[in-house]
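These notes are about the structure you will find just below.
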Amino acid sequence: MAPVVSAVSEDVQEVNFYSVDVDDSPKLASQYGVMSIPTMILFKSGKEVDRKTGAMPEPAVKDFASQ
């Protein structure tokens, strides 16, 4: 997913993208209930508004990020 997210982050510049390695940050993964990899969580104003689990093609990631 990293190359897809990187490409989308260049096109959708009004959104900040962050990547978390759940092996390095298990408490954070637990805090957000991440049970599967990859999991994408969309936040607006600091609150979770949507979540997707599983690999997605670039157009789907763009749609997700542009909500």
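Have a look at Asp11, Asp24, Asp50 and tell me which one the Gaussian network model of the chain (Cα, springs below 10 Å) gives the largest fluctuation. With Cα springs under 10 Å in the chain, the top fluctuation among Asp11, Asp24, Asp50 is at Asp24. Here the 3J(HN,Hα) profile of segment 38-49, calculated from phi with Karplus coefficients 6.51, -1.76 and 1.60 at θ = phi - 60°, is x, 10, 10, 10, 9, 10, 10, 6, x, 10, 5, 10 Hz, Gly and Pro shown as x.
Applying a DSSP loop filter and a limit of 11 other Cβ atoms within 10 Å to the chymotrypsin sites (Phe, Trp or Tyr not before Pro) in the chain leaves Tyr18. Charges were assigned to the Cβ only: +1 to each Lys and Arg, -1 to each Asp and Glu. The resulting dipole of the chain about its Cα centre is roughly 280 debye.
Just checking the listed ones, Val49, Val15, Val34: in the Gaussian network model of the chain with Cα springs under 10 Å, the one fluctuating most is Val49.
Here's the picture: charge each Lys and Arg Cβ at +1 and each Asp and Glu Cβ at -1 in segment 1-63, and of Val34, Ala2, Pro59 the one pushed furthest to the positive end of that dipole is Val34. Just grab the label-to-label distance for Val20 and Thr53, each label 7 Å out from Cα along the Cβ direction, in nm (one decimal). Placing both labels 7 Å beyond Cα along the Cβ direction yields 1.5 nm. Evaluated over the chain, the count of Lys pairs having alpha-carbon atoms less than 19 Å apart is 4 (only pairs 8 or more residues apart or interchain).
Normalising the average separation of contacting C-alpha pairs (under 8 angstrom, six or more residues apart) by the number of residues puts the relative contact order of the chain at 37 percent.
The numbers here are math on the coordinates, done by the rules we state, and not lab data. Everything numeric in this text was worked out from a predicted model, so none of it was measured. Cβ coordinates were reconstructed from backbone atoms using ideal geometry, including for glycine residues, and neighbour counts include every protein chain displayed.
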